[in-house]
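The values are calculated or read from the model by the stated rules, or taken from the named source; none is laboratory data. Note that the structure is predicted; figures quoted are calculated from it, not measured. Glycine gets a Cβ as well: all are built from the backbone with ideal geometry, and neighbour counts include every protein chain shown.
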Amino acid sequence: MVFPEIPNLHALLVLVLTVIALALFSRDRLPLETSSLIILVALTLGLTLFPYQTEQKTLNPVDLFSGFGHQALIAVCALMVAGQGLVRTGALEPVGRMLSRRWGRWPQLSLLATLLLAALLSAFVNNTPIVVLLLPILVSVAMRTGHSPARVLMPMGLATLLGGMGTTIGTSTNLLVVSVAADMGLREIGMFDFLLPAGIAGSLGIAYLWLIAPRLLPPRETPMSDVSPRIFSAELSIGEESPLIGETLAVAITRTDGRLKVERIRRGTDTFLVPIPDIMLKAGDRLLVNDTPARLKEFEQILGVALYSGGKLVDEEHPLQAKDQQIAEVVVVRGSSVSGVSLRRVRFIQRYNLVVLALHRQGRAVWSGGSELADILLQVSDVLLVQGSKSQIAALKKDSNMLVLDATSDLPYTAKAPLALAIMALIVLLAAFGILPIAVSAVFGALLLIVTGCLTWRDATSALSAQVILIVVASLALGAALLETGGTTYITQIFIYLTQGASPAVVLSGLMLLMAVLTNIVSNNAAAVIGTPVAVSIAQQLGLPPEAFVLGVLFGANMSYATPMGYQTNLLVMNAGGYTFSDFVRIGVPLCLLMWLSLSLLLPVLYGF
């Protein structure tokens, strides 16, 4: 077999743009939505200025925007809204409470139950809220039992990825692969059509994560492991009616039985006083102290002072004075938009309707010179002690910039949780029995959630991710351009040339391995959309069932276990567990090999070649 001939100029340019796209998608400093928009504009603008024409037709650049109305994207967005309904109503609260109760008594069996539950839930719900639900539970339980959270957080996160590849709605990648294959004329793959190979391989993966992975992970000191006791820096403000006015600092310390440790006293805007015991306290003074959350609140009551934050005193108009006040500890996660920004700059109070009472930074001092708490630049793994109403703290749990700790004591829950669960089940059943396409059933379910009050429109729109939308649209446009210009055919010919003489099973295995490598470097959606047409073309040229090769792409694109940037939940777990890049390689590469080998054996057997 001779090496394939060079394709036309348009196909070559689209192939070059594909390589550029994969490079851009792997750049951490460039937002994924920006990379996606660059590729989309480059494709449409290029084909407008230099049209691609054949004897049969002309490729219309505007057609490349059709991804915004593609059924896969519609289904993905609707399912994100449906998943938000489960989170918003607290429908998963019983899950968290059950796991929290059992971890202390049967840790090993509880780990297995956690992995199985995480995988099962992720087959039907986006895995990000599952990880957000389980992270604080596992951290809290590990601390109480004296174990390292690092031994369990990564296995839990990877278990959600294993579960997500079991159904067509498990991940956006699955929906894209199935939809693109259907667009190319293949029989539409049903929701549970590949559950058997996914279940068998996934079971092996779960066993590995349960029995082997925790032993390969070192007992790292995680950013959230020093939770008892945690020391925070805060300001105690002496109001106009405080009983401390006219008293000495020594009196204030005596009232707390000597537990109050004042580092400095702020008087006015720029004056800092040394905390001499004989200094007379005045209205407006702020005592800069370091202590645990419980003690800070106790000092507030004993001394008749208020916790001061963000340049504002807490008053009756502020949410802190609401009847359902709560204190929560939240972590700034990796990739957060508030990282590197001060509380004042991010307008934390106005944005979240919460007041930051204190800041903890792994034992390091956070006060310097004349800085205020509101002016300190936040860093990844900073822990903020926030106070506000129950509803505002519950809302913060759905914010991707923060991770709320100790969520087991107060998960959001409403009377509509059973209704949200029923609507989610309806979405799945309507699609599973072929009554409605998944895009239609998911949109129908999203409407029901809004009409029944499980979600508001604000909740629904906040569930949508611009990053997911743009990467899906850009990937679909790139895949369509490759297909129309002949780029897909050229890639297929090269792949067949390189694998000539190999058995069909080896060709399928090689394609799956290629997708597994790509998905750990670039976006899994991009790898899936580019790989699906190639898989169909390879199968057609070899005269083999195309569904087997499409599933090879689907499974390979889901194997994003080996790098932190492989999937967004990997980054969340990396921050919470204090993992390094090498930790993901140590655990993820064996898991990738295990899944690749098992599926390489299963798919040829199931499809008879």
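Restricted to segment 206-220, and to residues there that are in contact (Cβ under 8 Å) with a residue 40 or more places away in the chain and part of a helix (DSSP H, G or I), the residue that is nearest to LEU594 (Cα to Cα) is TYR208.
Is it true that THR489 is surrounded by fewer than 21 Cβ atoms within 10 Å (Cβ to Cβ), under 25 Å from PHE65 (Cβ atoms) and among the hydroxyl-bearing types (Ser, Thr, Tyr)? Spelling it out, THR489 is indeed surrounded by fewer than 21 Cβ atoms within 10 Å (Cβ to Cβ), under 25 Å from PHE65 (Cβ atoms) and among the hydroxyl-bearing types (Ser, Thr, Tyr).
When ALA474, ALA528, ALA481, ALA502 are checked against the criterion of being among the aliphatic types (A, V, I, L, M), outside the structural domain of ARG187 (by TED's automatic domain parsing) and free of Cβ contacts under 8 Å to residues at least 24 places away in the same chain, ALA502 stands alone in meeting it. The set of residues from segment 143-191 being surrounded by fewer than 24 Cβ atoms within 10 Å (Cβ to Cβ), of a type in the set (A, V, I, L, M, F, W, C), closer than 29 Å to ILE212 by Cα and out of contact with any helix residue (DSSP H, G or I) (no Cβ under 6 Å at 6 or more places or on another chain) comprises just one member, MET143. Restricting attention to segment 477-507, the residues that are modelled with pLDDT of 80 or more, within 20 Å of LEU544 (Cα to Cα) and touching a Leu at 6+ places or on another chain (Cβ under 6 Å) total 1. Restrict the check to segment 16-26 and report whether at least one residue is under 23 Å from the mean Cα position of the chain (by Cα) and either assigned by TED's automatic domain parsing to the domain that holds LEU426 or not in a helix (DSSP H, G or I) (or both). Yes, the conditions are met somewhere in segment 16-26. For segment 262-275, the set of residues classified as touching a helix residue (DSSP H, G or I) at 6+ places or on another chain (Cβ under 9 Å) and either in a strand (DSSP E or B) or loosely packed, with under 15 Cβ neighbours inside 10 Å (or both) consists of VAL262, ILE265, listed by residue number. With respect to LEU116, is the statement that it is at pLDDT below 85 and either surrounded by fewer than 23 Cβ atoms within 10 Å (Cβ to Cβ) or touching a Leu at 6+ places or on another chain (Cβ under 9 Å) (or both) true? Answer is no for this residue. Taking helices (runs of 4 or more DSSP H) as the structural unit, those lying wholly within segment 534-609 and holding at least 2 residues that are without any contact (Cβ under 8 Å) to a residue 12 or more places away in the chain and not small (Gly, Ala, Ser) correspond to 581-606. I'd like the residue in segment 523-547 that is surrounded by fewer than 23 Cβ atoms within 10 Å (Cβ to Cβ) and aliphatic (A, V, I, L, M) and, out of all such residues, is farthest from TRP596 (Cα to Cα). This residue is LEU542. Screening segment 412-446 for residues that are of a type in the set (Gly, Ala, Ser) and not in a helix (DSSP H, G or I) and picking the one that is surrounded by the fewest Cβ atoms within 10 Å (Cβ to Cβ) gives ALA415.
Could you say whether any residue in segment 449-467 is closer than 22 Å to ASN174 by Cα, surrounded by 21 or more Cβ atoms within 10 Å (Cβ to Cβ) and modelled with pLDDT under 80? Within segment 449-467, one or more residues are closer than 22 Å to ASN174 by Cα, surrounded by 21 or more Cβ atoms within 10 Å (Cβ to Cβ) and modelled with pLDDT under 80. In summary, LEU109 fulfils each of the numbered conditions (1) over 30 Å from LEU175 (Cα atoms); (2) outside any helix (DSSP H, G or I); (3) modelled with pLDDT of 75 or more with the single exception of condition (2).
Taking the criterion of being closer than 24 Å to VAL125 by Cα, among the small types (Gly, Ala, Ser) and modelled with pLDDT under 70, the residues of segment 86-106 that qualify are GLY96, SER100. Scanning segment 221-240 for residues that are outside any loop (DSSP other than H, G, I, E, B) and either surrounded by fewer than 19 Cβ atoms within 10 Å (Cβ to Cβ) or at pLDDT below 60 (or both) gives a single hit, PHE232. Count of segment 36-55 residues, restricted to those that are within 26 Å of PHE495 (Cβ to Cβ) and modelled with pLDDT under 85, is 1. Can you tell me which residue in segment 119-131 is modelled with the highest pLDDT, limited to those that are surrounded by 20 or more Cβ atoms within 10 Å (Cβ to Cβ) and either more than 22 Å from the chain's Cα centre (by Cα) or in a helix (DSSP H, G or I) (or both)? Step by step, filter segment 119-131, then rank; the result is ALA119.
Residue-level check: of (1) surrounded by 15 or more Cβ atoms within 10 Å (Cβ to Cβ); (2) of a type outside the set (Ser, Thr, Tyr); (3) closer than 19 Å to VAL468 by Cα, ARG29 misses just (1). Candidates in segment 238-252 are the residues that are closer than 11 Å to ASP278 by Cα and not small (Gly, Ala, Ser); of these, the one that is nearest to the chain's Cα centre (by Cα) is LEU249.
Does segment 521-528 contain any residue that is under 24 Å from the mean Cα position of the chain (by Cα), assigned to a helix (DSSP H, G or I), more than 27 Å from LEU483 (Cα to Cα) and modelled with pLDDT under 90? No, segment 521-528 contains no residue that is under 24 Å from the mean Cα position of the chain (by Cα), assigned to a helix (DSSP H, G or I), more than 27 Å from LEU483 (Cα to Cα) and modelled with pLDDT under 90. Of all residues in segment 295-319, those that are in a helix (DSSP H, G or I) and either modelled with pLDDT of 75 or more or under 27 Å from ARG351 (Cβ atoms) (or both) total 9. You will find that of GLU55, GLU33, the residue that is charged (D, E, K, R), outside the structural domain of ASN127 (by TED's automatic domain parsing) and without any contact (Cβ under 8 Å) to a residue 24 or more places away in the chain is GLU55 and no other. Candidates are the residues of segment 146-190 that are part of a helix (DSSP H, G or I) and β-branched (Val, Ile, Thr); the one that is farthest from the chain's Cα centre (by Cα) is VAL180. Residue count for segment 6-32 under the criterion of being charged (D, E, K, R) and modelled with pLDDT of 80 or more: the result is 0.
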